[in-house]
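The values are calculated or read from the model by the stated rules, or taken from the named source; none is laboratory data. Because the structure is predicted, anything quoted here is derived from the model rather than measured. Cβ atoms come from the backbone with ideal geometry, glycine included; neighbour counts cover every protein chain shown. Remember, those area values only see protein heavy atoms, side chains included, never the ligands or the DNA or RNA. Shrake-Rupley method; radii C 1.70, N 1.55, O 1.52, S 1.80 Å.
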Amino acid sequence: MKISKTYNPKQVEDKIYQLWEKSGFLKASPKSKKQPFCIIMPPPNANGILHIGHAVFVTLEDIMTRYQRMKGKEVLWLPGADHAGIMTQVTYEKKLAKQGKSRLKLGREEFYKQTYKFSMENKKVMETQLRKLGASCDWSRSKFTLDPKISKAVFYTFKKMYKDGLIYRGKRIISWCPRCQTALSNLEVIYQEKKDPLYYIKYGPLTLATVRPETKFGDTAVAVHPADKRYKKYVGKEIEIQTVLGKAEVKVVADKAVDPEFGTGVVKVTPAHDPNDFEIGQRHNLEIRQVIGFDGKLNKKAGKYAGMKVREARKIIAKDLEKMGLMEKIDFNYKHRIAICERCKTIIEPLISEQWFIRAKKLAAPAIKAVEDKKIEFIPTHYKKLYYHWMKNIRDWCISRQIWWGHRIPVWYCECGEITVDIEKPKSCPKCKGKKLKQDPDTLDTWFSSGQWPFTVFGWPRQTKDFQYFYPTSVMETGWDILFFWVARMIMLGIYCTGKAPFRYVYLHGLVRDKDRQKMSKSKGNVIDPLGVITLYGTDALRMALVFGTGSGKDTIISEEKIIGQRKFSNKIWNATRFILMNKPPLINTDKKLIGTDKNLTGADKKILKVLEKTIKSVNKDLENFRFGQAAQTLYHFFWHDFCDKYIEKSKSQMSNVKTKENTQKILYYVLLTSLKLLHPFMPFVTEEIYQKLPLKNKKKCLMIETWPN
RNA sequence: GGGCGGUUAGCUCAGUUGGCUAGAGCGUCGCAUUGACAUUGCGGAGGUCACAGGUUCAAGUCCUGUACCGCCCACCA
């Protein structure tokens, strides 16, 4: 057998992956008598191709998966894809726009159909890419969040929560994205610092500061701090004010939310268009007067300003105020944080609208307890604090979105006013027996369905064999940036739906950054395309570079040099094997017991065996404690510097001595095989390829299912 | 306003329950080498482990404080 001088991943990887997939060892069975180990893959969004962040999670999860499989557990790593509501809708709409088409022209049904097709195509591409990354997952169980069975489970949960009083419909102030035309949860809103003029406007005898004079038509009060002596005499009274639309009367209320230090200590209260004002309004029973519509334009309550967009109206109104002598002064250097849409960066318009909400506090309590009781543990542990903080201050969760792509809310309205919540469309109204039922036009927040992912993938609410055997799962591995979006929701919904915390450990990895610690982004031009890198240096090199010397849960620093360094390592393993195979016995038995006793061992023999033992111990300990970066470093150092540089060099003389030849050869094969096993979770392709070439007795079909060294 | 993380070699980072002369990759300097591998080997230079105290036989590691950097959460108009 001729072996090439250098390791050539391109010729090896696809062939090896096929070997694994055809072997059937990637499939898990709930009938197994072994101990289960299960990771649910965080389903990538089905709206694009994989990036380097995906390569991180694949590497980490595959390391755990392969390690546990070799340790003899029944391992299931379950893949899938997420429909990613708003994100996919935005992506597909952009695609349509390029073709001169639009969502509205297509209509709801056709748009859904096309987006579904688009997502399925992406899912297929992604699955090919996951294979290229070496992901040893069970493809026979691949799922999609909009699969009919999964959707049914999601509706089941909705119905159950509605019955339990955990879901309600209500008119609330929500964050509205005028571009996406939908409500957003507070997590989908991000903040950006911006400089805006701060206007000091005369309100009758008072002066107040605001950045949004255009909302003044919605003012239903003016508020001051209860302890503010300057304004005490006005509290509870109506004051007459001059506005751009004429004279009006407005009530003065005292509320502790007002900061007497800011501006003049007087604030206008616009309950319909500001979250704080909404709350002040609730406390003082103020009228809610909506003056801005869902299109982001002023409505007819704004008189002559009706139809103007918020920002242009602001300028014009400010000018008019000045003309009328109502503007006391303008501070042009005022910096504040404005809310923008996480997806499209459009400025958020707080609006009152009817939405569906989850009473989150009730779900949060047991979710907090599960972590306190160590039913779930976080790695790194400090994320526990963040989790507690968020869970203890949780607010009701707005779960309705005014988009078309996703699970349509399973609620039907009858002309008679009856509301029916069910998994499927009711045949007729249970109250009036009428047949004219209209389904709620909204869809559910993506995270509502992905929050149930760890059990809906197993066919829950049916008590399937899979569910009983694999749930609760072992590890949830994902990025810390979706701790609240996803992990917290999975814990809450998991406990609520199944009575059990959905996983034992949460491992949170960091962000991928370049060597200047910059976050990777297309606009910065510093992205590393995992598949491009793979064609250049091989999957193993990329995987090893992603974990090598990275502290658990810390940001992953990656650079091309680092990947090249690991390609060299792949080649080193390859060539060490080539050397060992130069002295090829017919078939070698690598049972350690057959290696000579102390008496016939040289100093070098003893040393390498001892260091190997130490390496095995420390790698095991590291892997048990999720210290993958450390394990990778230990293995790298052992293989290169202890085995290759020292022992293999020494073996050259030992092999030419008849007395030591046989033992040396056995040790070479033994250490090589053990190293391959230990390295396999990190570098699956090169190790498997070499394993296939070794002349071993008792060889298994693949290294993937070899026995892990303990 | 709260909270979290970081500060170790020129650069990027490891360093487990405190325990050998503090490590790796890349870079750098010198030497070697046509039979495993130049995607190499050997050797060297390079560190007051941010700073100041404290606990200890022993501190990069634990405690307290300070400085700087980064991040998250929060309703300041």
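Just to be sure I understand the model, the point goes 7 Å from the Cα along the line to the Cβ. What's the resulting A:D164 to A:K300 distance in nm?
Those two pseudo-labels are separated by 4.6 nm.
Along region A:654-668, what does the Karplus equation 6.51 cos²θ - 1.76 cosθ + 1.60 (θ = phi - 60°) give for ³J(HN,Hα), rounded to whole Hz, x for Gly and Pro?
For region A:654-668, the Karplus curve yields 5, 6, 8, 9, 4, 5, 9, 4, 4, 4, 4, 4, 4, 5, 4 Hz.
If you consider only alpha-carbon coordinates, what radius of gyration and Dmax does chain A have, in Å?
Rg and Dmax of chain A, Cα atoms, are 31.8, 111 Å.
Per residue, how much accessible area does region A:377-428 show when a 1.4 Å probe rolls over the protein heavy atoms, in square angstrom?
Numbers: 2550 Å² over 52 residues.
For region A:377-428, the solvent-accessible area averages 49 Å² per residue.
With an 8 Å cut-off on Cα pairs and a minimum separation of 6 or more residues, tell me the relative contact order of chain A in percent. Don't skip to the end; give the middle numbers.
Details: 1245 pairs, mean separation 115.4, N = 710.
Once normalised by length, the contact order is 16 percent.
Leaving out ligands, DNA and RNA but keeping every protein chain, what accessible area does A:K132 have, in Å² rounded to the nearest 10, with a 1.4 Å probe?
Near enough 80 Å² of accessible area.
May I ask you to evaluate 6.51 cos²θ - 1.76 cosθ + 1.60, the Karplus curve with θ = phi - 60°, for each residue of region A:164-173 and list the ³J(HN,Hα) values in order in whole Hz, giving x for glycine and proline?
7, x, 9, 10, 9, 10, x, 8, 9, 7
Carbon and sulfur atoms: what percent of the 1.4 Å accessible area of region A:273-407 do they account for?
Looking at region A:273-407 in its full context, I get 50 percent from C and S.
Considering only protein heavy atoms, with the full assembly of protein chains and a 1.4 angstrom probe, order A:H389, A:H54, A:H407, A:H641 by accessible area, largest first.
So the residues, ranked largest to smallest area, are A:H389, A:H641, A:H54, A:H407.
Pull out the extension gain between A:L536 and A:L696, defined as 0.36 nm times the separation in residues minus the alpha carbon to alpha carbon distance; nm, one decimal.
Residue separation times 0.36 nm, minus the Cα-Cα distance, leaves 54.4 nm.
What does the extension gain come out to for A:E287 and A:K661, with contour length at 0.36 nm per residue minus their alpha carbon separation?
Using 0.36 nm per residue and subtracting the Cα-Cα distance, I get 125.2 nm.
Would you work out the charge dipole size for region A:45-183 about its Cα centre, treating the Cβ of every Lys and Arg as +1 and the Cβ of every Asp and Glu as -1, and quote it to the nearest 20 debye?
The dipole of region A:45-183 has a size of about 480 debye.
Collect residues whose amide H, placed 1.01 Å from N in the peptide plane, falls under 5 Å from the amide H of A:F378; neighbours closer than 5 in sequence don't count.
The list, which skips near neighbours in sequence, is A:V506.
At 7 Å along the Cα-to-beta-carbon direction for both A:K101 and A:V527, put a label point, then send me their distance in nm to one decimal.
Here the answer is 2.4 nm between the modelled labels.
Amide H neighbours of A:F144 under 5 Å, at least 5 residues apart or on other chains, H built in the peptide plane: list them.
A:A81
I'd like the orientation of helix A:628-637 relative to chain A: the angle between its Cα long axis and the longest Cα principal axis, in ° from 0 to 90, rounded to 10.
Helix A:628-637 sits roughly 30 degrees off the main axis of chain A.
On a 0 to 90 degree scale, rounded to 10, what angle separates helix A:148-163 from the longest Cα axis of chain A?
Once rounded, one gets 50 degrees.
Taking 0.36 nm per intervening residue step and subtracting the Cα-Cα distance, what contour gain separates A:E649 from A:L587 on full extension?
20.0 nm
Ignoring ligands and nucleic acids, what accessible area does A:R212 show with a 1.4 Å probe (Å², nearest 10)?
Counting only protein heavy atoms, the figure is 50 Å².
Excluding A:N571 itself, what net charge comes from residues whose Cβ is under 13 Å from its Cβ, given Lys and Arg +1 and Asp and Glu -1? Intermediate values should be presented prior to the final figure.
Working: positive: A:K5, A:R567, A:K568, A:K572, A:R578; negative: A:D540, A:E689.
In short, +3.
Using the Cα centre of chain A as the reference point, and only Cβ charges (+1 on K/R, -1 on D/E), how large is the resulting charge dipole? Debye, rounded to the nearest 20.
Magnitude of the dipole: close to 1480 debye.
Taking a probe of 1.4 Å, how large is the accessible area per residue of region A:208-324, in Å²?
That works out to 51 Å² for each residue.
Which one, A:G80, A:I347, A:L668, projects farthest toward the positive side of the charge dipole computed for chain A from Cβ point charges (K/R +1, D/E -1)?
A:L668
Give me the percent of accessible area attributable to carbon and sulfur for region A:76-138, probe 1.4 angstrom.
57 percent
Expressed as a whole percentage, what fraction of the accessible surface of region A:222-270 belongs to carbon and sulfur atoms when a 1.4 Å probe is rolled over the protein heavy atoms?
Ligands and nucleic acids excluded, carbon and sulfur give 53 percent.
Report the label-to-label distance for A:S4 and A:I239 in nanometres (one decimal), using points 7 Å from each Cα along the Cα→Cβ vector.
Each label point is offset 7 Å from its Cα along the Cβ direction, giving 8.2 nm.
Would you check the accessible area of A:H225, probe 1.4 Å, heavy atoms only, in square angstrom rounded to 10?
Rounded to the nearest 10, the figure is 40 Å².
On a 25 Å Cα-Cα criterion, which of the cross-link pairs A:K149/A:K431; A:K15/A:K124; A:K124/A:K159 come out too long?
Working: A:K149/A:K431 29 Å; A:K15/A:K124 19 Å; A:K124/A:K159 32 Å.
Listed pairs above 25 Å: A:K149/A:K431; A:K124/A:K159.
Amide H to amide H, which residues 5 or more places from A:V253 or on other chains are under 5 Å from it, using H placed in the peptide plane?
Counting only residues 5 or more places away or on other chains, the set is A:V222, A:A223, A:V224, A:G236.
Would you work out which of A:C177, A:V253, A:T215 lies farthest towards the positive end of the dipole of region A:167-299, given +1 charges on the beta-carbon of Lys and Arg and -1 on that of Asp and Glu, about the Cα centre?
Checked the options; the winner is A:V253.
Dipole of region A:305-415, Cα-centred, from +1 at each Lys and Arg C-beta and -1 at each Asp and Glu C-beta, to the nearest 20 debye? Walk me through the intermediate numbers first.
Numbers: 23 positive and 13 negative charges, 84 e Å.
Its charge dipole is roughly 400 debye.
Enter the accessible area per residue of region A:67-137 (Å², integer; probe 1.4 Å; all protein chains in place).
Accessible area per residue, region A:67-137: 44 Å².
Just to verify a number: FRET efficiency for A:E613 and A:H641, C-beta to C-beta distance, R0 = 25 Å, to 0.05?
0.90
Can you tell me the FRET efficiency between A:E328 and A:E377 if r is taken as the Cβ-Cβ distance and R0 is 60 Å, rounded to the nearest 0.05?
0.55
In whole Hz and in residue order, list the ³J(HN,Hα) couplings for region A:310-323 that follow from phi through the Karplus curve 6.51 cos²θ - 1.76 cosθ + 1.60, θ = phi - 60°; x for Gly and Pro.
Residue by residue, region A:310-323 yields 3, 6, 6, 4, 4, 5, 5, 5, 4, 4, 4, 4, 4, 4 Hz.
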